Amino acid sequence: MIRIVYAGMVLAALTVLVGCSEPTPHASDRDLAGLLLEVDPDPDPEVVAWAGCLDTVKDCVEGGGKVRACTTADACGPACVAALDRALVGADGVEAELDAFESVFVTPGAVCRASEADRR
């Protein structure tokens, strides 16, 4: 369950960083899927920082760390660490900590979710 949640967070970050566009159809590829992934040549720095935070926390937790300890000011910013601390009040157990993290960093409109992530 934990791996699925973190895989979802990383997938969400990658989806924001990678744009989707429709390819120009060629006679030889009419049967191919309708979307190609293209790297955004000018990614939003806020989104890049947010994705870096998610990746840092994911790697730390997968390595045995606790959500609270893995979410550092260096990786995620002091305001977001403070917001997570508030969300973690009363959280008991890994699932509750992951829910708190998601509510602060991943859920659309969350206080520490990159604003560009909500526009895609």
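The values are calculated or read from the model by the stated rules, or taken from the named source; none is laboratory data. These numbers were taken from a predicted model, which means no experiment stands behind them. Positions of Cβ are backbone-derived with ideal geometry, glycine not excepted, and every protein chain shown enters the neighbour counts. Keep in mind that these areas ignore ligands, DNA and RNA; they rest on the heavy atoms of the full protein, side chains included. Shrake-Rupley method; radii C 1.70, N 1.55, O 1.52, S 1.80 Å.
Residue-by-condition table, conditions (1) farther than 16 Å from Asp55 by Cα; (2) part of a helix (DSSP H, G or I); (3) of a type in the set (Asp, Glu); (4) touching a Cys at 6+ places or on another chain (Cβ under 6 Å):
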{"site": "Ala79", "(1), (2), (3), (4)": "yes, yes, no, no"}
{"site": "Ala82", "(1), (2), (3), (4)": "yes, yes, no, no"}
{"site": "Asp92", "(1), (2), (3), (4)": "yes, no, yes, no"}
{"site": "Glu95", "(1), (2), (3), (4)": "yes, yes, yes, no"}
{"site": "Leu98", "(1), (2), (3), (4)": "no, yes, no, no"}
{"site": "Glu102", "(1), (2), (3), (4)": "no, yes, yes, no"}
{"site": "Ala110", "(1), (2), (3), (4)": "yes, no, no, no"}
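With the checklist (1) modelled with pLDDT under 90; (2) under 14 Å from Arg113 (Cα atoms) in hand, flag the one item Leu54 doesn't pass.
With respect to (1) modelled with pLDDT under 90; (2) under 14 Å from Arg113 (Cα atoms), Leu54 is out only on (1).
Taking the residues in the stretch 68-105 that are without any contact (Cβ under 8 Å) to a residue 24 or more places away in the chain and of a type in the set (Asp, Glu) as candidates, determine which candidate is farthest from Thr56 (Cα to Cα).
Asp92
Filtering the stretch 59-74 down to residues that are open to solvent by less than 30 Å² (accessible area, probe 1.4 Å) and in a helix (DSSP H, G or I), which residue is farthest from Ala114 (Cα to Cα)?
So the residue we want is Val61.
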